[in-house]
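The values are calculated or read from the model by the stated rules, or taken from the named source; none is laboratory data. Computed from a prediction, not measured in an experiment: that's the story for all the values here. Neighbour counts run over all protein chains shown; Cβ positions are idealised from the backbone, glycine included. Ligands, DNA and RNA are excluded from the accessible area calculation, which covers all protein heavy atoms including side chains. Shrake-Rupley method; radii C 1.70, N 1.55, O 1.52, S 1.80 Å.
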Amino acid sequence: MFQEALTRIVSQLAEARTCGLVHDYALIGGLAVSAWGVPRATQDIDFAIAIGTADPQALATFVRGRYVSGETDDPLRGVIHASIEAGTESIPVQLILLPPAFTAFIFRDVEAVPVMERVVPVVSWQALVLLKLYAGGPQDRLDVEQILRARHPQNDDMQKVSAMVQSVGLLDEWTALVSRVS
């Protein structure tokens with residue numbers, strides 16, 4: 001059922017791009033962790049979206065979702081909550097609007113990766129590490145540790161992540177995590 005839901009939301013996002021409602025989108029969250037080599041259970045489908053000057057409410061209406069703007073102390077600009085009916089289940093979908101500082105990193109190295117027999121735009125594993133550090137929960141930290149173990153990053157990859165996390169103020173979190181994994 002997740003495969004059907006993923007296919008449907010990717011098709012909706014591609015159509016939304018054609019209509020000018022979204023500039024870019026890429027898979028993040030648990031399915032992206034799995035795409036980068038770490039088996040991971042999840043109960044929803046998460047995408048980072050870049051909408052430029054488009055209206056987030058228009059995109060929410062297009063995907064039959066509900067837009068929730070981030071509060072002043074919320075680290076996110078907003079989230080569109082939707083669901084995709086697949087078989088007898090309703091699969092939750094989150095379309096996440098990130099702060100501008102993250103958007104350039106997230107969409108610079110998006111890769112087309114097979115996920116559940118469908119090629120999907122997925123954030124690079126380095127950008128996913130950045131997002132997981134930003135989220136900061138226990139599962140997020142575990143995801144980062146497992147991604148690093150699965151990817152066996154070279155020094156230049158580690159330097160790339162270090163530069164990204166430093167530019168958004170997450171260097172301390174990154175340094176602490178890397179010291180645990182090493």
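Some observations on this one:
- Conditions (1) modelled with pLDDT of 95 or more; (2) out of contact with any Leu (no Cβ under 8 Å at 6 or more places or on another chain); number of the one not met by S167: (1)
- Flag for M116 being more than 14 Å from Y25 (Cβ to Cβ), in contact (Cβ under 8 Å) with a residue 12 or more places away in the chain and open to solvent by 70 Å² or more (accessible area, probe 1.4 Å): yes
- Any hit, region 27-43, residues being assigned to a strand (DSSP E or B) and either closer than 20 Å to A135 by Cβ or open to solvent by less than 50 Å² (accessible area, probe 1.4 Å) (or both): yes
- Any chance D73 is modelled with pLDDT under 95 and either over 23 Å from K132 (Cα atoms) or among the β-branched types (V, I, T) (or both): no
- The numbered conditions (1) within 17 Å of the chain's Cα centre (by Cα); (2) open to solvent by less than 40 Å² (accessible area, probe 1.4 Å) are all true for L21 except (1).
- Lone unmet requirement of (1) over 26 Å from I51 (Cβ atoms); (2) polar (S, T, N, Q); (3) within 14 Å of the chain's Cα centre (by Cα) for S182: (3)
- Restricting region 44-58 to residues that are touching a Leu at 6+ places or on another chain (Cβ under 7 Å) and in a loop (DSSP other than H, G, I, E, B), the residue that is most open to solvent (accessible area, probe 1.4 Å): A54
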